[in-house]
Ligand code: SF4
């Protein structure tokens, strides 16, 4: 592998430099042609590592449960957003056996607001699988980890490296960016991913693989950032092909992404005169599976707002038909594959009205305890005055 890495760097050395920000003339080509050395990055990490709640102090091995929990939470979510959720989960379920014994609904409720709810269901299923199949011990190998629910190649490599110091090479978006820049890889994402994975493996040292993985993550998150990378502070700037060319910010290359078509629909916020709101639970499988929502129409590309109330909940027990008021603006939300616009309709019904089939009344003051995704929190906040929605 080292031969491959060195060969790659030699190829990049011969590539013509272009653009602004080229290194000074005294920086020799011979130095630039050197391989990025893991030791340089580890020395930087020893001085500048981020303090994170799930990270063990220097020289200590992290608790595998802490590593696993944080890695699942961090999938598609920022460190800042995860912090309070991580603390809440750890306080409530201090070990994997406690989490496995918890009802799924409690886990979903505690997860509400963190997004991508399939992760919460997989987290719970994974905790149960670890208890049932492995006696409560998280497997130490990437292969063993990948057999568990919710653990893909990246998460398996991250847990194996960080929790067990196995020579694994997790590659997330930050690490992809660092490697694409180090080697000025011209092939765009996602086709370049196998090449990046190969180079990441070649760089990973046999000793301190866990620290090296975290150092790569820290470098990508704090120095080799998507915009305006702080190359002057980078321990690998002498070995970085993109820095040499002066166009680091243009890596990794990407093909233009086509956004999904806009879907539209209506949401119905129904309150009772005695301070309840009408809710239902989404089907267990699919988008926002098992989460709580206010009733809505289908979300479609050809939604017609003038026909929206045909999809509103019916209250056969009431003598008078329900009067719907539409809010002036819509609620917008972007899912991974499509943007959504919801028109919000409101109504108030008398206290004691029977909830339509499949729906239930919940006290507005108890909404915080519901597993409401952020989309539904937005809808409810949009419809109800601040003092009523909490
Ligand atoms: Fe990233 Fe700049 Fe370091 Fe290259 S020198 S790895 S572009 S921060």
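Overview of results
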read-out	value
One residue from 226, 235 being assigned to a loop (DSSP other than H, G, I, E, B), without any contact (Cβ under 8 Å) to a residue 60 or more places away in the chain and within 12 Å of the ligand (Cβ to nearest atom)	226
From the options 22, 10, 80, 109, residue that is farther than 30 Å from residue 336 by Cα, modelled with pLDDT under 95, outside the structural domain of residue 367 (by TED's automatic domain parsing) and not in a loop (DSSP other than H, G, I, E, B)	10
Scan of segment 369-383 for residues that are more than 17 Å from residue 265 (Cβ to Cβ), touching a helix residue (DSSP H, G or I) at 6+ places or on another chain (Cβ under 8 Å) and either outside the structural domain of residue 269 (by TED's automatic domain parsing) or part of a helix (DSSP H, G or I) (or both), ordered by number	369
Residue that is surrounded by the fewest Cβ atoms within 10 Å (Cβ to Cβ) [pool: residues in segment 279-299 that are closer than 12 Å to residue 372 by Cα and modelled with pLDDT of 95 or more]	280
Tally of residues being buried (at least 19 other Cβ atoms within 10 Å of the Cβ) and under 14 Å from the mean Cα position of the chain (by Cα) across segment 94-113	2
Criterion: within 14 Å of the ligand (Cβ to nearest atom) and buried (at least 18 other Cβ atoms within 10 Å of the Cβ) - qualifying residue of 142, 176	176
In segment 244-257, the residues that are closer than 16 Å to residue 175 by Cα and out of contact with any strand residue (DSSP E or B) (no Cβ under 9 Å at 6 or more places or on another chain)	248, 249, 250, 251
Number of the condition not met by residue 310 [criteria: (1) crowded, with 17+ Cβ neighbours inside 10 Å; (2) over 30 Å from residue 119 (Cβ atoms)]	(1)
Residue 244 being within 30 Å of residue 192 (Cβ to Cβ), part of a loop (DSSP other than H, G, I, E, B), within 16 Å of the ligand (Cβ to nearest atom) and at pLDDT 90 or above	no
Test for residue 159: is it crowded, with 19+ Cβ neighbours inside 10 Å, within 16 Å of the ligand (Cβ to nearest atom) and either part of a helix (DSSP H, G or I) or modelled with pLDDT of 95 or more (or both)	no
Within segment 112-129, tally of residues that are over 10 Å from residue 149 (Cα atoms) and not in a loop (DSSP other than H, G, I, E, B)	2
Top-ranked residue of segment 250-280 - restricted to ones that are within 23 Å of the chain's Cα centre (by Cα) and not in a loop (DSSP other than H, G, I, E, B), ranked as farthest from the ligand (Cβ to nearest atom)	263
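The values are calculated or read from the model by the stated rules, or taken from the named source; none is laboratory data. Computed from a predicted model, the values in this text were never measured in an experiment. Glycine also receives a Cβ, built like all others from the backbone with ideal geometry; neighbour counts cover every protein chain displayed.
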